[in-house]
Amino acid sequence: MKPTDTSNPEYFHKVVDCQYACPAHTPVPEYIRLIAAGKYTEAYMVNWESNVFPGILGRTCDRPCEPACRRGRIEEEPVAICRLKRVAADNKDDVKAFMPAIPSQMNGKRVALIGAGPASLTVARDLAPLGYEIHLYDEHEAGGGMMRSQIPSFRLPTEVLNEEVGYILDMGIHTHFKTYVSSLNEILEKGYDAVFVGTGAPRGRNLDLPGREEAGKNVHIGIEWLASVAFEHTHKIGKKVIVLGGGNTAMDCCRTSRRLGGEQVKVVVRSPFSEMKASPWEIEDAMHEDIPILENHVPKSFVVKDGSLKGMFFEKVMVEYDDSGKRKLVPVGEPDVFIEADDVLVAIGQQNSFPWIEKETGVNFDEWGMPFVDRATHQSSNKKVFFGGDSAFGPKNVITAVAHGHQAAISIDLYCQGTALTERPAPFTNLVSKKMGIHEWSYDNDVVNDQRFIVPLAEKKAALSDRKLEVELGFDIATAVKEAHRCLNCDVQTVFEKDKCIECDACVDICPTSCITFTLNGEEEDLRSRLKAPAFNITQDLYVSDTLATKRVMVKDEDVCLHCGLCAERCPTSAWDMQQYLYKVTKACH
Amino acid sequence: MTYIRPKFRHPDLPKNDLGYTTKEYEGSLSTLCAGCGHDSISASIIEACFELSIPPHRIAKLSGIGCSSKTPTYFLGNSHGFNSVHGRMPSVATGANMANRDLTYIGVSGDGDTASIGMGQFVHVIRRNLNMVYIVMNNGCYGLTKGQDSATADEGSKSKAGSVNPFQPIDLAGLALELGASFVAQSFSGDKEQLIPLIKAAISHQGFAFINVISPCVTFNNNPGSTKSYDYVREHIESTGKTDLVPEKTEILTSYESGTGTDVKMHDGTYIRLEKLAANRNPFDRMGAMNALQAARNRNEILTGLLFVETETENLHHTINSSERPLNSLLQEELCPGSLVLADINDELR
Ligand SMILES: Cc1cc2nc3c(=O)[nH]c(=O)nc-3n(C[C@H](O)[C@H](O)[C@H](O)COP(=O)(O)OP(=O)(O)OC[C@H]3O[C@@H](n4cnc5c(N)ncnc54)[C@H](O)[C@@H]3O)c2cc1C
Ligand SMILES: Cc1ncc(C[n+]2csc(CCOP(=O)(O)OP(=O)(O)O)c2C)c(N)n1
Ligand code: SF4
Ligand code: SF4
Ligand code: SF4
Ligand SMILES: [Mg+2]
């Protein structure tokens, strides 16, 4: 293998598993250390700079960082990264003074943002401080997009949402709420220098089965129903409720039903339980609220008697694989199952829909009705029009919308300044030694053995009787500090300086997880098989040095390194050093 | 400074026949100087015992005084241990071994501990062919007392402070050969590929097994001009050929021509596999080994590898016809057979 090029900013970035997996590349270990040090405001601002909604995300993020977390590879559970973020948000001081200043002299450019979800708000947050005049349009009466209309208050209190949306709207944003944009042409005619489309994936899928029409008002599209609850148009639901679908929307629908009078709420899914799309923790929360989940039940028909819905028929199926290995649901041959229901919530998927974008705008769509959007620049086929969030590539989540917003803001800024969109500034990186003295480090290098701590919940009876009562109580500070110590500081990199090494093997012998090997070089596959401990996880890199005096190379498997610094403590020549790597994604405005 | 090793280990660590990983053979975190050769020898002992699947509680580790003699704390934390006085490890090992022949005895010593204060003990334990592994972690100095020249320091070797050693060195491997040791090997702490199989073979050997391991002292004797530094040893090392210990059931090599290889059957049923043995080297030839050692020294080379082995050897238990069962398992009537037996003995002496 060639010696590892650590000057490539992505090499050490990848070692910080959580940050690398985060779509917005939040410097996770940096804020976790700040929390452990009681610096909540600073921890909040590290987050805010990257992901704009720490309080919201600390409660609702899809947390792609956690399955990636290194801790999950050396023991059962990853660090509770997401819930630690909430600790920073809950315990911070007033942060208004740290928000970017808005210039008194604007730069003369005007940008329209359609839809006030997280994607558009992120664009606003990045462009307003640069002097752009921002016009934000949304059909609803307040900003937040689906964070307001879909995510229920028992998961995300309105005050938290209002606070973080407020920080952005306070940047002198011109809001046009309760304004449904019915024509992109009209917007373009207003002479904006650029337009950002952040309208989400607002259409819920319907389920056309026998009896659907007759069942009429007792069958609801999940996301429409959740919005109507959020905006206080709907206050109750029948005692018996069926929720169709196995995603996160279904979980929010069933849990909301329990709070609006639903006593026997059942989730019914077509496929096996193990294949449900909802996050494990959301499923767990629903089951904790006494909501059974019936698997392998395919909906057949709605049963309506005397003009009112009585229930639904389902066919029981099982999974089979055909010769080509394709998975099929085949009937088990039992009679159809009848389940009683006063109301049915259909939560079987969301779609994009752009009835308001005219052909003449030059914004082109593919055969599935999705706009042609550049993955890196977010520019559409009309150079002035940019897309981000769920509207660009289909429904995802808040953190992805934020990541899109940052990238789109860079593009819009470059576009308005007449620079090529491909000339994107490099990420900010910084590598500093954590050495304080002999065997003394300015980070907590001891590895604690604690298992993941559990976030306490509100008492169930109280939670189910109040739709707005937040279920999760968040970590108390003492627990948060303990959880924070579980973080392995993956950003404190093991940096090897080949010329200092005398090949004494001290690092090899001390490393608790057998990461380091000195051996003859070879091709990657061969090298992986010859290391002190097998390196089966090919998603993790090998750090390979240049050839040493004995003709061997140093090979470090990054996979289960604990970042304990013992290699650097034992090295007599400081050929190993522990150096903190800070990686910040480029943003239009820091 | 970190005194506690994190408890986590690589999740895919190999397991031995007992289902243990190397973790079960580790000791506490070393407090020796970072980069000390002794730590690599400790790691090799751990690996050898792991690979041989010896139950850790069936091993006794013994030592004298010195940095080298501190190392038993840093390996085999689940085994029996005895840190004796300076140079007295052999007597303690002899006593323990006589009391219980069923354990594996690993003695660890330094060049000071062995070649100076403990020389008398060393020569007698060889003479008696005690069934044990005797490892000298040889750094050419008294590491623990800040690096004074030891009796194995080469003539002309320069210390860190700049003084040149005027005395002849004691060649411990040569001495062991001369005194009739039944297993003699030499190695380098920086060459685990050679050292681990040698330790395994030494453990399998049913008699006195001596390994002299050059083990640089990074703090006091790793300077230019020293003949026990990492750089000097790497430049002057010469190997007798690769050695490996193969289990009983493996296919056995029979040919014994130079350039191929040979398997030497050990008493416990395992085989030492010697590869590419140099043309004029025969591991059963004591004189040849002594000559080769001397010749290498004349060339300023350090000869490493298995120098000599005598598989059919009678160790001390055999010689003095001692109890086959550990003393702690003997019952009252066996230990104290009564006045009639005493009377018989007394009669014999009359
Ligand atoms: C029930 C449910 C629960 C969810 N829970 C989570 C969660 O816990 N965590 C998570 O990360 N993600 C969650 N999501 C997904 C997340 O809400 C979205 O991925 C995210 O909000 C997308 O952001 P966006 O900026 O693309 O647009 P959106 O948040 O969808 O906002 C778009 C806004 O534009 C408005 N709009 C659309 N068209 C027009 C128009 N023509 N004129 C004016 N306004 C218009 C819409 O009304 C909406 O307010 C959930 C989604 C649903 C449906
Ligand atoms: C009876 C006695 N005499 C002298 C000493 C002082 N002393 C401690 S260690 C040591 C030399 C150790 O040298 P070596 O065996 O080579 O071990 P190293 O530290 O080099 O590994 C001496 C002389 C002692 N502890 N006890
Ligand atoms: S241990 Fe800490 S730094 Fe490492 S991946 Fe997990 S949260 Fe991130
Ligand atoms: S920091 Fe060094 S000693 Fe610790 S686990 Fe990583 S490579 Fe091993
Ligand atoms: S401890 Fe330092 S000098 Fe020794 S082998 Fe490791 S990197 Fe090289
Ligand atoms: Mg010594």
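The values are calculated or read from the model by the stated rules, or taken from the named source; none is laboratory data. These figures come from a predicted structure and were not determined experimentally. Glycine gets a Cβ as well: all are built from the backbone with ideal geometry, and neighbour counts include every protein chain shown. SASA here: full protein model, heavy atoms, side chains in, ligands and nucleic acids out. Shrake-Rupley method; radii C 1.70, N 1.55, O 1.52, S 1.80 Å.
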Probe 1.4 Å, accessible area per residue of the protein assembly as shown, Å²: 43
Quick one: dipole size for the stretch B:22-320, taken about the Cα centre, charges +1 on Lys/Arg Cβ and -1 on Asp/Glu Cβ, in debye to the nearest 20. 600
Compute the Cα gyration tensor for chain B, then decide on rounded, prolate or oblate, letting a ≥ b ≥ c be the square roots of its eigenvalues: rounded whenever a/c is under 1.5, prolate when a/b is larger than b/c in the other cases, and oblate in all that remain. rounded
Whole-Hz Karplus couplings 3J(HN,Hα) for the stretch A:276-282, θ = phi - 60° and coefficients 6.51, -1.76, 1.60, Gly and Pro as x, run 4, 7, 4, 4, x, 5, 6
Explain nothing, just the number: relative contact order of the stretch B:22-320, from Cα pairs under 8 Å at least 6 residues apart, as a whole percent. 17
Averaged over all viewing directions, the convex hull of the alpha carbons in chain A casts a projected area in nm² of 30.7
So how much accessible surface do B and A hide from each other in total, probe 1.4 Å, in square angstrom to the nearest 100? 2500
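Please compute the contact order of chain A in relative form: average sequence separation of alpha-carbon pairs under 8 Å and at least six residues apart, divided by the residue count, as a percent.
RCO, chain A: 18 percent.
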With both partners inside the protein assembly as shown, how many of the DSSP beta bridges are antiparallel, as a percent to the nearest 5? 50
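Can you give the FRET efficiency for A:Asn364 and A:Tyr321, using 1/(1 + (r/R0)^6), R0 = 41 Å, r = Cβ-Cβ distance, to the nearest 0.05?
Once the sixth-power term is evaluated, E becomes 0.55.
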Could you give the size of the charge dipole of the stretch A:492-584 about its Cα centre, using +1 on the Cβ of each K and R and -1 on the Cβ of each D and E, expressed in debye and rounded to the nearest 20? 140
Per-residue HN-Hα couplings for the stretch A:476-484 [Karplus 6.51, -1.76, 1.60; θ = phi - 60°; Hz; x = Gly/Pro]: 6, 5, 4, 5, 4, 5, 5, 5, 4
Please label the shape of the stretch B:62-137 as rounded, prolate or oblate, based on the square roots a ≥ b ≥ c of the eigenvalues of the alpha-carbon gyration tensor (a/c under 1.5 means rounded; beyond that, a/b larger than b/c means prolate, else oblate). oblate
Residue-wise HN-Hα coupling along the stretch A:2-14, computed from phi with Karplus coefficients 6.51, -1.76, 1.60 (Hz; x: Gly, Pro): 6, x, 5, 8, 7, 7, 6, x, 7, 4, 5, 4, 5
Relative to the isolated chain, which residues of the stretch A:447-496 have their accessible area cut by 50 Å² or more in the presence of all protein chains (1.4 Å probe, heavy atoms, no ligands or nucleic acids)? A:Asn449
Please list the non-local residues whose amide H lies under 5 Å from the amide H of A:Gln350, H modeled 1.01 Å from N, same-chain partners needing a gap of 5 or more. A:Arg205
Name the trypsin sites (Lys or Arg not before Pro) in the stretch A:247-309 that are in a loop by DSSP and that have at most 16 other C-beta atoms within 10 Å, would you? A:Lys277
Rank-order B:104-114, B:333-343, A:188-198 by packing density, defined as the average count of other C-beta atoms within 10 Å over each peptide's residues, highest first. B:104-114, A:188-198, B:333-343
Taking each residue in A:565-572, count the Cβ atoms of any other chain within 10 Å of its Cβ, then average. What number comes out? 4
At R0 = 51 Å the Cβ-Cβ FRET efficiency linking A:Ser274 and B:Glu333, nearest 0.05, sits at 0.15
For the stretch A:204-349: relative contact order, % (alpha-carbon pairs under 8 angstrom, 6 or more apart): 33
Approximate spin-label separation B:Arg350-A:Val337, in nm, with each point projected 7 Å along Cα-to-Cβ: 9.9
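Hey, with R₀ at 30 Å, roughly what FRET efficiency would A:Gln351 and A:Trp281 work out to, going by the Cβ-Cβ distance, to 0.05? Could you put the intermediate results ahead of the total?
Details: r = 26 Å, r/R0 = 0.86.
The value I calculate is 0.70.
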For the protein assembly as shown, the percent of accessible surface on carbon and sulfur atoms (probe 1.4 angstrom, ligands and nucleic acids excluded) is 51
So which residues of the stretch B:1-17 lose at least 50 Å² of accessible area, probe 1.4 Å, when you go from the chain by itself to every protein chain present? B:Met1, B:Thr2, B:Arg5, B:Pro6, B:Phe8, B:His10, B:Asp12
